[in-house]
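The values are calculated or read from the model by the stated rules, or taken from the named source; none is laboratory data. What you are looking at is a predicted structure, and each value in this text was computed from that prediction instead of being measured. Quick reminder, even Gly has a Cβ in these numbers, built from the backbone with ideal geometry, and neighbours come from all protein chains shown. Only protein heavy atoms, including side chains, enter the accessible area calculation; ligands, DNA and RNA are left aside. Shrake-Rupley method; radii C 1.70, N 1.55, O 1.52, S 1.80 Å.
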Amino acid sequence: MRPAHHALAVLVAAVWGLNFVVIEVGLDHFPPLLFSALRFLVAALPAVFFVRRPKVAFGWVVAVGLVLGVAKFGLLFVGMRQGMPAGLSSLVLQVQAVFTAVLAMALLRERPAPLRLAGMGVALCGVGVAAWDRGGSSPLGAFLLVVAAAACWGVSNVLTRKAAPPDALSWMVWVSLVPPLPLLALSLLFEGPTAGAEALRGLDLTGLAALGYVAWLATVFGFGVWGFLLRRYDASAVAPFSLLVPFFGMASAALLLGERVTPLGWTAGALLVGGVALTSLPTGRRRRPPTGPGSADTDALGPVRAGAPA
């Protein structure tokens, strides 16, 4: 990779890592489901008028929009609202690589190499250590919601692989059209119209900045640049940069939110990131060309192929 593209990959990882802190800030201004709905609405409009519809069946766009936008981000935002720390959330979501691999084995009949299976086991040990660590300091239910979000992310990876969109940016913009209405309906049902109305009436510059960051920087800019890198370079060259996301996430949460990482937390982080790194190593098998930031082939099942972690 060219030095400028190395810098771009690090920049995107930093944007995605800091995004978890920004989500925490945004959740102080919006109910979680409403915040997620607004995130996708702002990401889709007006961008959808400037990018072509992806050349895939529209059913794939709807399916990924529901699984990734409604289920994954809905669960993530609710989990963080219920007490899951921003830094730990950025780490635990990396287990999506394991869910992606397991689902690819079950649904696509892919056979990961033994090294990849070992990496999955190490990553799952990291999740177990993280769950043990959080048991005494934050709600276990919030932790499980973020794990469930990672599982939904894995499902969306497999769906995106089947869809094989040729353009990552147009794909993400059009996928972003799907979640707003279902998320708004869920917000009205579970959060109530009063909470949403109060959030919008009390909206200030901080809330607007948080919404703009998660929609335009983390979603449109992040997916667009990542898709560019995946089209230009082999996934095994790009994939390791995703391991910087939890580093930036945990570091920014510690610096900006004062989150404390326990020794068990660092152990969990080492296991999870190390396990995901093993799943991202090339195995010497013949690989298919990259199909976009949501694809999940057996030689690059790391989080890079899935797109933005938040």
Please give the helices (runs of 4 or more DSSP H) falling wholly within region 155-264 in which 1 or more residues are out of contact with any Asp or Glu (no Cβ under 9 Å at 6 or more places or on another chain), surrounded by fewer than 21 Cβ atoms within 10 Å (Cβ to Cβ) and of a type in the set (D, E, K, R).
-> 192-201, 222-232
Mind checking which residues of region 38-86 are closer than 28 Å to residue 260 by Cβ and open to solvent by 30 Å² or more (accessible area, probe 1.4 Å)?
-> 75, 78, 81, 82, 83
Could you figure out which of (1) open to solvent by 30 Å² or more (accessible area, probe 1.4 Å); (2) over 20 Å from residue 250 (Cβ atoms); (3) modelled with pLDDT of 90 or more isn't true of residue 25?
-> (2)
Inside region 161-171, the number of residues satisfying the requirement of being of a type in the set (A, V, I, L, M, F, W, C) and over 14 Å from residue 62 (Cβ atoms) is 3
Listed by first then second residue, the pairs whose first member lies in region 198-218 and is at negative phi, whose partner is in a helix (DSSP H, G or I) and open to solvent by 70 Å² or more (accessible area, probe 1.4 Å), with beta carbons under 6 Å and at least 6 positions apart or on separate chains, are none
